[in-house]
Amino acid sequence: MLVEDDHSISEMVDHYLTKEGFEMVHAFDGEEGIRLFRQDSYDLILLDIMLPKLNGMDFLKIVREKSNVPVLMVSAKDGEVDKALGLGFGADDYIAKPFSMIELTARVKAAIRRATQYSAEEPAENKVIQIQQLTIDTDNVSVLKNGKPLQLTSTEWHLLCLFAENPKKVFTKEQIFRSVWNDEYFGDQNIINVHMRRLREKIEDDPSSPQYIKTLWGIGYKLGEF
């Protein structure tokens with residue numbers, strides 16, 4: 001679903017993504033988008049920030065109360081505040097206008113691919129990783145902390161598994177992006193920073209002093225040693 005009030009942009013995105021094999025549904029304001037969201041299920045939502053009737057941030061808060069559907073924010077505002085705010089509300093990725101259709105398509109495919117991997121039932125042998133109070137069940141795609149389930153997005157899940165399955169490895173931000181986003185690194189460190197902050201808010205006792213995922217300043221991140 002594309003929620004975009006600019007008809008020319010909507011037509012351009014529709015034309016390109018339809019050629020790539022996607023089926024598109026359009027909403028031209030936030031209220032219409034919420035109505036469509038409640039009527040059907042979608043593989044991904046392309047969401048503009050500046051929308052009439054209901055803005056993109058409020059739209060996203062409503063969606064996240066019900067669903068973890070991948071959301072790619074699209075906006076002419078390219079400031080760090082807008083990116084952090086959008087991702088902080090639960091967006092999976094952010095692209096600024098003007099954007100190339102090649103990059104947009106790559107990000108759409110990557111977001112859907114991550115979500116599909118997150119929800120798919122794999123026939124692999126059940127694997128449970130225990131790290132202090134965290135129980136990570138890779139077969140059932142679940143995380144418990146002190147026996148209580150944590151609600152992670154697909155991106156947060158893949159981030160956590162990356163470190164849990166490679167406990168002694170230090171990952172640079174470029175390596176994290178290639179591993180989790182499964183795409184070329186666009187050099188936007190803020191996307192990784194915000195997702196990492198959201199993950200830490202869920203798994204850490206004190207997110208300001210993380211123990212599970214440590215920051216190595218100027219290098220990257222690694223799993224904490226216990």
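The values are calculated or read from the model by the stated rules, or taken from the named source; none is laboratory data. Worth saying up front: this structure is predicted, and the values here are computed from it rather than measured. As a convention, Cβ positions derive from the backbone with ideal geometry for all residues, glycine included, and neighbour counts pool all protein chains shown.
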Report task. Can you tell me which residue among K61, K53 is touching a helix residue (DSSP H, G or I) at 6+ places or on another chain (Cβ under 8 Å), surrounded by fewer than 17 Cβ atoms within 10 Å (Cβ to Cβ) and in contact (Cβ under 8 Å) with a residue 24 or more places away in the chain? Result -> K53
Query raised in the report: Looking at this structure, is R200 out of contact with any helix residue (DSSP H, G or I) (no Cβ under 9 Å at 6 or more places or on another chain), closer than 18 Å to D92 by Cα, basic (K, R) and modelled with pLDDT of 90 or more?
Result: yes
Query - Selection count where residues are charged (D, E, K, R), at pLDDT 85 or above and surrounded by fewer than 16 Cβ atoms within 10 Å (Cβ to Cβ), scope segment 203-226 - result: 3
Query - Among residues of segment 34-50, those that are of a type in the set (D, E) and either farther than 9 Å from V3 by Cβ or out of contact with any helix residue (DSSP H, G or I) (no Cβ under 7 Å at 6 or more places or on another chain) (or both), counted - result: 2
Query raised in the report: Restricting the search to segment 27-41, which residues are closer than 20 Å to F99 by Cβ and either surrounded by 21 or more Cβ atoms within 10 Å (Cβ to Cβ) or modelled with pLDDT under 95 (or both)?
Result: A27, G33
**Report entry** Given (1) in contact with a Phe, Trp or Tyr (Cβ under 9 Å, 6 or more places away or on another chain); (2) within 16 Å of D93 (Cβ to Cβ); (3) of a type outside the set (S, T, Y); (4) at pLDDT 90 or above, index of the condition L2 fails
**Finding:** (1)
Query raised in the report: Just for segment 112-131: of the residues that are at pLDDT 85 or above and in contact with a strand residue (DSSP E or B) (Cβ under 9 Å, 6 or more places away or on another chain), which one is surrounded by the most Cβ atoms within 10 Å (Cβ to Cβ)?
Result: I131
Report summary line: Of the conditions (1) more than 30 Å from R200 (Cα to Cα); (2) acidic (D, E); (3) outside any loop (DSSP other than H, G, I, E, B), the single one that D5 does not satisfy is (3)
Query raised in the report: Which condition breaks for P167 when tested against (1) surrounded by 13 or more Cβ atoms within 10 Å (Cβ to Cβ); (2) assigned to a loop (DSSP other than H, G, I, E, B); (3) at pLDDT below 85; (4) not basic (K, R)?
Result: (3)
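Could you please let me know if T155 is assigned to a strand (DSSP E or B), on the phi < 0 side of the Ramachandran plot and either in contact with a Phe, Trp or Tyr (Cβ under 9 Å, 6 or more places away or on another chain) or touching a residue at least 12 places away in the same chain (Cβ under 8 Å) (or both)?
no
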